[in-house]
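Chemist: Structure provided below as structure tokens; questions to follow.
Every number here is computed from the coordinates shown, using simple stated rules; none is lab data. This one's a predicted model, so the numbers in the text were calculated from it and none came from an experiment. When we count neighbours, we look across all protein chains shown, and the Cβ atoms used for this are built from the backbone with ideal geometry, even at glycine.
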């Protein structure tokens, strides 16, 4: 285990959570959206999970629909709690990037994807608002961490305390 001169280990650096406490609001926004969307992929698999994935020609759509639902549920909950936040952000960055590529970029090109009546920049811009918000919210959490009001902050503080 690597110990850094300023104290702590490599793990505590990943848990670093000395950002403003107000980051809890960003965590609630991002975490709640992913948690909710993940749960809905299990509740409504034909509309939001595998069925939707089949419409955009994802191979093994129900497998990937449930995998996506699991990832969004688990990592969304971790972000809400502020627990291993930076680690939880990484798979969700992949998730939201794929959502933009597979469902929003086709609108820009005029292909329409799930909504063939939509075409061009303004339709894509309108339809992708939540996706871009999640993408940039995740990037902010990766760079800034979860903030002082998080389980990461509590764990990092605990890890830096001398053992008695």
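Chemist: Once the cut-off is 21 Å, how many percent of the Cα-Cα pairs in the chain end up in the long-distance tail?
Modeler: Of the Cα pairs, 53 percent sit more than 21 Å apart.
Chemist: Could I ask something else about it? In degrees between 0 and 90, to the nearest 10, how far off the longest principal axis of the chain does helix 151-160 point, with axes built from Cα atoms?
Modeler: With both axes taken from Cα atoms, the answer is about 30 degrees.
Chemist: Still on this structure, I have one more. Only Cα pairs under 8 Å and at least 6 apart count here; give the relative contact order of the range 21-145 as a rounded whole percent.
Modeler: After rounding, I find 23 percent.
Chemist: Using 17 Å as the cut-off for backbone N distance, which residues of the range 34-51 belong to the label zone defined by a point 7 Å from the Cα of residue 97 along Cα→Cβ?
Modeler: Output list for this probe position: empty.
Chemist: Most fluctuating residue of 25, 75, 53 in a GNM of the chain with Cα springs under 10 Å: which is it?
Modeler: Top of the fluctuation ranking is 25.
Chemist: Rounded to the nearest 0.05, what FRET efficiency is calculated for residue 158 and residue 136 with R0 set to 35 Å and r the Cβ-Cβ distance?
Modeler: The computed FRET efficiency comes out at 0.70.
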